1. Suppose we filter 184, 215 for residues that are free of Cβ contacts under 8 Å to residues at least 24 places away in the same chain and under 23 Å from residue 127 (Cβ atoms); which single one remains?
2. Note down all Cβ pairs under 9 Å where the first residue falls in region 252-275 and is free of Cβ contacts under 8 Å to residues at least 60 places away in the same chain and within 21 Å of residue 150 (Cβ to Cβ), the second is exposed (fewer than 10 other Cβ atoms within 10 Å of the Cβ) and of a type outside the set (Ser, Thr, Tyr), and they're at least six residues apart or on different chains.
3. Can you tell me how many residues within region 165-208 are in contact with a Gly (Cβ under 8 Å, 6 or more places away or on another chain) and either among the hydroxyl-bearing types (Ser, Thr, Tyr) or buried (at least 17 other Cβ atoms within 10 Å of the Cβ) (or both)?
4. In the set 72, 40, which member is buried (at least 21 other Cβ atoms within 10 Å of the Cβ), under 17 Å from residue 99 (Cβ atoms) and free of Cβ contacts under 8 Å to residues at least 40 places away in the same chain?
5. Taking region 80-101 as the region of interest, how many residues are touching a Cys at 6+ places or on another chain (Cβ under 7 Å) and either small (Gly, Ala, Ser) or under 18 Å from residue 175 (Cβ atoms) (or both)?
6. Check whether at least one residue in region 235-254 is farther than 19 Å from residue 40 by Cα, surrounded by 18 or more Cβ atoms within 10 Å (Cβ to Cβ), modelled with pLDDT of 95 or more and not aromatic (Phe, Trp, Tyr), and report yes or no.
7. Filter region 16-36 down to residues that are in contact (Cβ under 8 Å) with a residue 40 or more places away in the chain and part of a loop (DSSP other than H, G, I, E, B), then give me how many there are.
Amino acid sequence: MRKFVIGVIQMDSQSDVDENLKTASAFIEEAAARGAKLVAMPENMHYVGLESAAHAEEIPGGKTFLVMSALAKKHKLWLHCGSIYEKNPNDARPYNCTMIINPDGELVAKYHKIHPFDVVIPDGPVNKESDRICPGDEIVTVDTKEVGNWGLSICYDIRFAELYRLMALEGANILFTPADFTMPTGKDHWETILRTRAIENGCYVVAPAQCGVKPKFQAYANSLVVDPWGNVIARASNHPQVFTTEIDLDYVDKVRNQTFTLANRRPDVYDLKKTEK
């Protein structure tokens, strides 16, 4: 389908997994009642706290997957499950993992956050997400055939334009960026970067966010959907909620036929490609 309704969930996830899943489930039910064909959730939707490894789950098979799978099947929805911590058989550090579930309740894709948020300020604070989370090493796009071709990313990934250009070149027309942005960077950078990624790639950008007070910071909230022209077409406020808006994939084609950003690249002068493994 070329036009469809998307539901975007903004959450104030805390350390109670069951309560977080209850909240997400209620919002999914609400989005389905409004006619959504896909629903997207924020980063760390199942757990926000200081013990990420202790709350890592199997994917598929874990509690969060089973709850989401049942809801997808019940409502015949595509679910972009934001991200959760996934157990890592090769490392004590879990992955920060997006899982994509189809309307039959099946896991069709996983994405592991590639760019850890590592901050080392001389004579200042040090915060290395890579000490706690194992970074991924695979770029993932998902052609749903029904509700777009999705490019997957998580939060801090949004600062790396190369990732999004590669996904667009692989056919993505909707770029997902579930996040838990802080207030200081969010107020100055969040909307600007999201609109930039939409404009430079001629894609929709869907950015479900966390809100509320977290253990170490205040989340910025302001979940957004940006169209391929760079217009914000839907926005959340600063509290938990679900909103719906329409995605029109024909508009992606229209914008790309007016801007030619992808078509006018010069790979004979510069190149961008995935690293072969």
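The values are calculated or read from the model by the stated rules, or taken from the named source; none is laboratory data. Bear in mind the structure is a predicted one, so any value in this text is a computation, not a measurement. Quick reminder, even Gly has a Cβ in these numbers, built from the backbone with ideal geometry, and neighbours come from all protein chains shown.
1. That would be 184, the only listed residue that is free of Cβ contacts under 8 Å to residues at least 24 places away in the same chain and under 23 Å from residue 127 (Cβ atoms).
2. Sorted first by the residue in region 252-275, then by its partner, the pairs are 256/263.
3. So the answer is 15.
4. Values: 40 fails: free of Cβ contacts under 8 Å to residues at least 40 places away in the same chain.
72 is the lone residue from the list that is buried (at least 21 other Cβ atoms within 10 Å of the Cβ), under 17 Å from residue 99 (Cβ atoms) and free of Cβ contacts under 8 Å to residues at least 40 places away in the same chain.
5. Total meeting the criteria: 3.
6. Yes.
7. Qualifying residue count, region 16-36: 3.
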